[in-house]
Each structure stands twice: as structure tokens, then as C-alpha cells.
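Heads up: the structure comes next, in C-alpha cells.
The values are calculated or read from the model by the stated rules, or taken from the named source; none is laboratory data. From a predicted model like this one, the values you see are computed outputs, not experimental measurements. All Cβ positions, even for glycine, are placed from backbone atoms using ideal geometry, and neighbour counts span all protein chains on display. SASA here: full protein model, heavy atoms, side chains in, ligands and nucleic acids out. Shrake-Rupley method; radii C 1.70, N 1.55, O 1.52, S 1.80 Å.
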Amino acid sequence: MRWSQLYVPTLREDPADADAASHRLLVRAGFVRQLMAGHYSLLPMAVRVRGKIVDVVREEMARIGSQEWILPALHPAEIWQRTGRWEGMGEEMFRLKDRRGADLALGMTHEEIFTTLAQELSSYRQLPQMWYQFQTKFRDEPRPKSGLLRVREFTMKDSYSFDLDQAGLDRSFDLHHAAYTRIFARIGIPAIPVQASSGSMGGSASVEFMSPTPAGEDLVVHCPACRYAANVEKAGSALPAAADGEALTAPERFDTPEARTIEELARLHGVPAEQQIKTLVLVADGRPLLALVRGDHSLVEQKLLDATGARAVRPADADEIKGLLGALPGSLGAVGVTGVTGLTVLADHALAGRTGMTTGANQDGVHLRGVDVARDIAVTRWADLREVRAGEPCVQCGEALEVVQTVEVGHIFKLGRKYTEALDVTVLGQDGAAVKPIMGSYGIGIERAIAAIVETHHDEKGIAWPVAVAPFEVAVVPIGKADEQTAAVVDDLYGRLRAERIDVVLDDRDERPGVKFADIELVGIPYRITVGPRGLRDGVVEVTTRATGETVQVPVAEAAAHVAALVRAAVAPLAG
């Protein structure tokens, strides 16, 4: 390819609305353009990167024996209704009606559709099966942001396994775990596999692959000593015991008209946050509940959803709270609420056995001290509800935990039989008895992978693509006054590299060297061969490595083979 034929609309200035590094650079380097919030056009250079990522994923899926399909993106509501997810997916699902009034959805994911196709399986002899596709997904994100990192329309590689029993599912899950580890290594994404919540997907096990980046919206708790890692929605820690307050024979009321927060109660009345009970009033699937955590802890909403099995939860509004407990936020507590019909009280494990605690009295401007949790609060259920913080001891080895900002680049689930039972998929087992196959689900967002690579591989000059996914591996750049010798060497290098099956672009633009070099660095091409009259007088060209900035002189006759060897050396160890 010749640069003069390419469409690469690079910009000299950063886009004003770009927050993430990947957003800023992919726009500046001419890879993407926004159509509207959460919807992006991929320009030719991005399509080349996307194609290379897809090739790597496809190779690794083939390596584990998965077969490629293409399924519709538009789904009938009936199938989603049968699994209960038509309502469960909430507002993130794009819903519409066709001209006959039938309810349809733009697919967020394809568990239901692949399971419907699995109804044609009939015998244990046909299992296991692993199927996958590359398909556009649609999710009505409330706050699309950060370019390709959080969008409403994207390509996902989603795959699904069908096995006869749990041992088979474990094998399929492990195969995908290994495949994902290889995929992310090959395309240059540092991915941490972490324990995660299954959320609306359901199932018994869930592992997210998380890539560290300041632009990420997920927090990962991990231990550098023993490699324990979990999403903050799932993570636990060996929490040190906290000192109790003064024990009393019964809770004692005291006036706190000016203290409405944990911090104000600590500052004005000398009650440490770890001796307070934070009472949160929530509405889960239309029913009110109280969630209790220690005053210095934060509630993780997903943990609450997992503990209750609720599909959706929201904070109760002021009128709902007043009608339920008789007070406004700032003076709320769970002491004496057993008479409220149908009210669930969930308490975090960190409150178990605590005495001498302080909490709201359910009267504005009044609190209770000397609360014994076991004696004074009727807890409906104990659960892990709190957010783990950096520095707390690891549950496995006791070392201090770290909390890292990340973006999810892959997610694998053990789904169990939720979908095969709902959609009536049955095969005959070896003994002739009917068996419901057990499923797994495995996803990678392709465009998010593009952004995650840039988040990791960039500098002040622009993008520095790993060789395996670069739009072009090598740029040949003639500089100086055009003459026959330079043209002959350039054409020969270009031809030799193409013969070596190297992705090469010839920068034949009539531009100054500085303009060419800046564009090539911004776009992120891994290797640059500079051909100029001064070097040719000495029989050499310059080879520059984008990632390091190192430049070496190489004899003209050896240049093509030298660069081809660099490209292969960068890719071969990971692809093997």
C-alpha cells in the first residue's frame, strides 16, 4: 500500500472531548470518528487492526476446537421471555416492534439464540460442543464514554460450550481460560484474570480478564504476593478486628441535631466511624430492604444483588424512607424495625458480634449508642456487602492488598443449566436417560480490545502498536531530493518486503521528512526504514523501532531481510 492512496485523516491537536488516552489518540491518528454518543465509525486503519485481532482470536478458538457461526443480531422477545431475561436486562436492552407489532430486541448477547440452536442436539455422542461468532452487540449504556472503551454498539467474540456434565464444563472453561490468556498475550494486552460476579448471566463461576488503565471504570483487588485477584464486586479481605465502643445494658438515645453523616458524628460526638452502623434504605425488585455496613465501609451494589438474587436495586427516595422508618436520612437505624412488614435487614459480616455501636434512632436528630448488634438488631441475613480497600490483608496469604483501576477486556462464565432448562434442550445420556447439557459462555469485545491496546502502548508521540496487531508493520520512507537511485532502492525494498509477506506501506507523499515521521509515529507503525541520499552514499538505510526510538544503520542489501526478521521475532514466540 502507498500512503498517497490511504485515507488517514490525522489531526495535529487532541480532540477537546476525549478523556481516555485511547480515545484521544485513535481520533487524532485517524482510526475512528464518532457518529453519536456511543457509536463510532472505524476508519481503514482501525479496520486493519480489528482484522488482525479477529485473526488472533479465530486462531486460538480453532486451537481449542471451537466452531465459528454467524447468528442474527435481531431477536424475537419470546426467547428472552422464556429465560426471564426480557425483564431482567432492564433499560440496557434496545427493544422495538416490527410492522406487525411483534416485540423484538437488538441482541446484547446470544445465550438464548445459541441454546435454541442446541435443541437439535440429541445424543451424548454429539457432546461436547464449543461454538462461537463475531457479531455486533447493542447495549443502551446510560453514560457511553472514553471512546471505544464504553459504547452502545460493538463487536463481540462470544462463544458457548455445551457439555454432558460438570467435569466437561470445567474442561471447556479451562480451555477458554487458556485461550484467552494466549489471545491477550499475543495482541499486547496485560490482562489479570480475576474472580467476578456472574450478574444477570447467572451460573456458578465467573472470571473477568482486566487490563489496568486510568480510564477504566472497574476496580480490581489483587495481592502481589500470592496473586489473589478479584473484581471489587466479588473481592474479600481478612479484615482486622475493630475496637468496640462502650457496652450498655440497652441502647441509649442522645441528641445529634447537627450530625447527619458518618463524618459529622465522628467529629462532633467523638464516635469513630468503625464504631458506627451505616443504614442504607434500598428498593430491590420493588421491595424495601435495609443494608447495614460499618460506618467506615462502602456498600457494593453487585454484592447486594448477588446476596438477594434481585434483578435491580435503587436507593429509596426521601418520601419512601420517611414512610418506612419515620425519619429522614442521617438518623436511620435498624434497631426496633422488626415490626415493619416484609422488611429485609441485610448486614455485612464485619458487623457480626459488634457491641457498643452507634446508629440512627429513626427520629430526626437522634442517635442510639451502646447498640449490641446480636441483641438489638433482628438481622434477616448476613452477607459480604462491603467494598475491600487497599492495604487490607489478603484472604489467602495476609499480605497487603492493592486496588487497581482497570477495564474489562474478557469475561468467561460457567452458566450451568439455566438456559438449557428454560429452553428445553435435552440429549440422551450413555445410559439412555434424558440429560440437560451444561453450558459455559465466553466473551471478548473486539473494539474495546483495540482501545485497551492503545491504553497500554502509547507515548507522547502517539500510538506504538504491538507488531501482531499494527495496521502496517513497516513504513518505507524516502526523504531528500528525489533521484533515480533513491527511487530504485525504495521500490526494491518495498517489493522485497511484500515478497516476505510483511505488511508494508510506502510513504510516497510529497511532504517534509518531519511531517512523515510525525504521522508514522502518531499512527504507531512498529518499524520505519528511512531511505535518503546521504545514507545511500554509504550504502546504508536507517531502521527505527517505534517502541524504543532506537535507530540503526543497515546495509541496503540486508535491510529487507533484517526488518522481516525483526517482525517475525516479535510475533513468533507469542503465536507458537
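Is it fair to say Asp14 is open to solvent by 30 Å² or more (accessible area, probe 1.4 Å), modelled with pLDDT under 95 and closer than 18 Å to Ala452 by Cα? Judged against the criteria, Asp14 is not a match. Scanning the stretch 311-355 for residues that are farther than 17 Å from His297 by Cα, surrounded by fewer than 17 Cβ atoms within 10 Å (Cβ to Cβ), of a type in the set (Gly, Ala, Ser) and in contact (Cβ under 8 Å) with a residue 12 or more places away in the chain turns up Ala312, Gly326, Gly336, Gly342.
Considering only residues in the stretch 86-143 that are outside any loop (DSSP other than H, G, I, E, B), hydrophobic (A, V, I, L, M, F, W, C) and open to solvent by 40 Å² or more (accessible area, probe 1.4 Å), the one that is nearest to Tyr160 (Cα to Cα) turns out to be Leu117. Screening Asn231 against (1) farther than 18 Å from Ala334 by Cβ; (2) at pLDDT 95 or above; (3) of a type in the set (S, T, N, Q) leaves a single unmet condition, (2). Among the residues examined, Pro393 qualifies as over 23 Å from the mean Cα position of the chain (by Cα) and touching a residue at least 60 places away in the same chain (Cβ under 8 Å). Quick check: is even one residue across the stretch 170-186 among the basic types (Lys, Arg), over 26 Å from Trp86 (Cα atoms) and either open to solvent by less than 50 Å² (accessible area, probe 1.4 Å) or part of a strand (DSSP E or B) (or both)? For the stretch 170-186, residues among the basic types (Lys, Arg), over 26 Å from Trp86 (Cα atoms) and either open to solvent by less than 50 Å² (accessible area, probe 1.4 Å) or part of a strand (DSSP E or B) (or both): present. With respect to the conditions (1) under 30 Å from Thr358 (Cα atoms); (2) modelled with pLDDT of 95 or more; (3) not polar (S, T, N, Q), Ala247 falls short on a single one, namely (2).
Within the stretch 521-575, the set of residues being buried (at least 19 other Cβ atoms within 10 Å of the Cβ), within 31 Å of the chain's Cα centre (by Cα) and outside any helix (DSSP H, G or I) comprises Gly524, Ile525, Pro526, Tyr527, Arg546. His23 satisfies every condition listed in (1) under 18 Å from Leu148 (Cα atoms); (2) without any contact (Cβ under 8 Å) to a residue 12 or more places away in the chain; (3) not acidic (Asp, Glu) except (2).
Exactly one residue out of Lys418, Lys481, Lys414 is among the basic types (Lys, Arg) and touching a Leu at 6+ places or on another chain (Cβ under 9 Å): that is Lys414. Counting only helices (runs of 4 or more DSSP H) wholly contained in the stretch 273-387, the ones carrying 3 or more residues that are among the hydrophobic types (A, V, I, L, M, F, W, C) occupy 301-308, 318-325. Could you list, in sequence order, all residues of the stretch 110-133 that are closer than 22 Å to Arg85 by Cα, touching a helix residue (DSSP H, G or I) at 6+ places or on another chain (Cβ under 9 Å) and either at pLDDT below 95 or not polar (S, T, N, Q) (or both)? Answer for the stretch 110-133, where residues must be closer than 22 Å to Arg85 by Cα, touching a helix residue (DSSP H, G or I) at 6+ places or on another chain (Cβ under 9 Å) and either at pLDDT below 95 or not polar (S, T, N, Q) (or both): Glu111, Glu112, Ile113, Phe114, Ala118, Trp131, Tyr132. Among the residues that make up the stretch 507-524, is at least one of them more than 25 Å from His457 (Cα to Cα), free of Cβ contacts under 8 Å to residues at least 60 places away in the same chain and among the aromatic types (Phe, Trp, Tyr)? No. Just to be sure before I move on: is Ala241 more than 30 Å from the chain's Cα centre (by Cα) and open to solvent by 60 Å² or more (accessible area, probe 1.4 Å) in the structure I sent? The answer is yes for Ala241. Restricting to the stretch 56-78, and then to whatever is in contact with a helix residue (DSSP H, G or I) (Cβ under 9 Å, 6 or more places away or on another chain), open to solvent by 20 Å² or more (accessible area, probe 1.4 Å) and assigned to a helix (DSSP H, G or I), can you tell me which residue is farthest from Asp163 (Cα to Cα)? Taking the candidates together, the pick is Glu78.
Per-residue answers, yes or no, for (1) within 17 Å of Thr544 (Cα to Cα); (2) out of contact with any Asp or Glu (no Cβ under 6 Å at 6 or more places or on another chain); (3) open to solvent by 20 Å² or more (accessible area, probe 1.4 Å); (4) in a loop (DSSP other than H, G, I, E, B):
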position: Val425; (1), (2), (3), (4): no, yes, no, yes
position: Arg448; (1), (2), (3), (4): no, yes, yes, no
position: Ala452; (1), (2), (3), (4): no, yes, no, no
position: Trp465; (1), (2), (3), (4): yes, yes, no, yes
position: Ala487; (1), (2), (3), (4): no, yes, yes, no
position: Asp491; (1), (2), (3), (4): no, yes, yes, no
position: Ile502; (1), (2), (3), (4): yes, no, no, yes
position: Asp519; (1), (2), (3), (4): yes, yes, no, no
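Within the set Ala378, Ala374, the sole residue that is without any contact (Cβ under 8 Å) to a residue 40 or more places away in the chain and of a type in the set (A, V, I, L, M) turns out to be Ala374.
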